[in-house]
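Below: one structure, written as structure tokens.
The values are calculated or read from the model by the stated rules, or taken from the named source; none is laboratory data. Since we're looking at a predicted model, the values are computed, not measured. When we count neighbours, we look across all protein chains shown, and the Cβ atoms used for this are built from the backbone with ideal geometry, even at glycine. Areas reflect the complete protein model, heavy atoms only, side chains present, ligands, DNA and RNA absent. Shrake-Rupley method; radii C 1.70, N 1.55, O 1.52, S 1.80 Å.
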Amino acid sequence: MIYLILSVCISSSLFVIFKLFDKFQINTFQAIVVNYLTAFCCGFFFYRNGMTVTEITQRPWILGSVILGFLFIAIFIVMATTAQRNGLSVASVASKMSVVIPVVFAVIVYQEKLSLLKISGILLALLAVYLTTVKNDGNTFERKKLLFPILLFLGSGVIDTAIKYIETKYLAAGEVPIFSSTVFGCAFIIGIVVAIIRGNLKITGKTILGGIALGIPNFYSIIFLLKALRPENLGDSSTVFPINNVAIVMLSTIFGIILFKEKLITKNWIGIGIAIVSIAMIAVSV
């Protein structure tokens with residue numbers, strides 16, 4: 001459980017860093033690309049245990065890391081577009097409710113068991129995600145605006161599912177850090193290509209610093225999530241992903257209240273309460 005707690009805490013801190021990007025007028029896309037380079041360096045230079053680049057390219061998970069690297073960049077762009085067209089609350093709900101995809105996959109492929117208590121907890125978690133993020137800002141799921149939220153929902157779910165599948169099928173003990181850094185390295189390369197195509201290459205010193213500040217915790221958030229998914233720890237996707245997603249939404253909301261004086265409506269407070277109940281239900285069902 002300690003790895004899951006660390007994953008939640010660090011992942012929630014990423015939202016604080018993103019919020020600070022706005023305050024200091026940091027180019028978010030460029031900082032994301034620098035963040036991927038930073039995360040790659042963290043794993044490659046400190047955790048590769050003497051493994052050469054040639055050996056890394058021969059690992060059975062290399063294709064998966066390339067695909068995940070592409071998805072990381074693609075879903076980031078979709079998330080940004082969703083936030084701009086539909087609002088932040090819609091983007092948050094679409095990405096976090098995607099937890100149903102890895103849970104359904106785990107039940108079908110890995111034959112993970114779902115007790116009535118766990119099912120109830122997962123359903124409450126979905127409700128909590130919605131209630132915690134909904135705002136009185138007039139943003140609704142209009143049919144003509146559904147494309148990007150749907151893409152975000154599917155893409156986020158595929159990323160979580162792929163991480164668990166690769167971890168189960170291909171990752172050997174001790175390879176979690178170097179696998180993670182390889183994913184980030186692939187995302188960095190793809191991000192550079194996108195930046196060149198966009199002509200978005202002029203970068204400032206504060207953007208570089210912002211990317212580094214984001215990259216270090218981002219690297220460890222993936223490391224701890226993967227460790228939580230290991231069989232010797234929690235293992236079950238149907239336990240890890242619901243708790244991880246709803247706890248991140250809850251904690252990041254609390255950070256917003258404390259650090260940025262964000263205002264919550266009654267639905268948000270009800271959502272936080274339901275989130276606590278859902279986490280407890282899922283945790284005791286393990």
Take Asn200 and decide whether it is among the polar types (S, T, N, Q) and either open to solvent by less than 10 Å² (accessible area, probe 1.4 Å) or outside any helix (DSSP H, G or I) (or both). yes
Among residues of segment 244-286, those that are of a type in the set (Lys, Arg) and free of Cβ contacts under 8 Å to residues at least 24 places away in the same chain, counted: 2
Which one of Ser238, Ser180 is open to solvent by less than 10 Å² (accessible area, probe 1.4 Å), at pLDDT 85 or above and of a type in the set (Gly, Ala, Ser)? Ser180
Which of the residues that make up segment 83-127 are closer than 10 Å to Pro242 by Cβ, open to solvent by less than 30 Å² (accessible area, probe 1.4 Å) and hydrophobic (A, V, I, L, M, F, W, C)? Val99, Val103, Ile122, Ala125
Filtering segment 22-48 down to residues that are among the aromatic types (Phe, Trp, Tyr) and either open to solvent by 20 Å² or more (accessible area, probe 1.4 Å) or in contact with a Leu (Cβ under 8 Å, 6 or more places away or on another chain) (or both) yields Phe24, Phe40, Phe44, Phe45, Phe46, Tyr47
Residue within segment 207-229 that is under 25 Å from Ile56 (Cα atoms), without any contact (Cβ under 8 Å) to a residue 40 or more places away in the chain and not acidic (Asp, Glu) present: no
In segment 56-76, how many residues are at pLDDT below 90 and surrounded by fewer than 16 Cβ atoms within 10 Å (Cβ to Cβ)? 0
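Does any residue of segment 204-211 turn out to be at pLDDT 85 or above and not in a helix (DSSP H, G or I)?
Taking segment 204-211 as the starting set, the residues that turn out to be at pLDDT 85 or above are 204-211.
Among the residues that remain, those that are also not in a helix (DSSP H, G or I) are: 204.
Yes, segment 204-211 contains a residue that is at pLDDT 85 or above and not in a helix (DSSP H, G or I).
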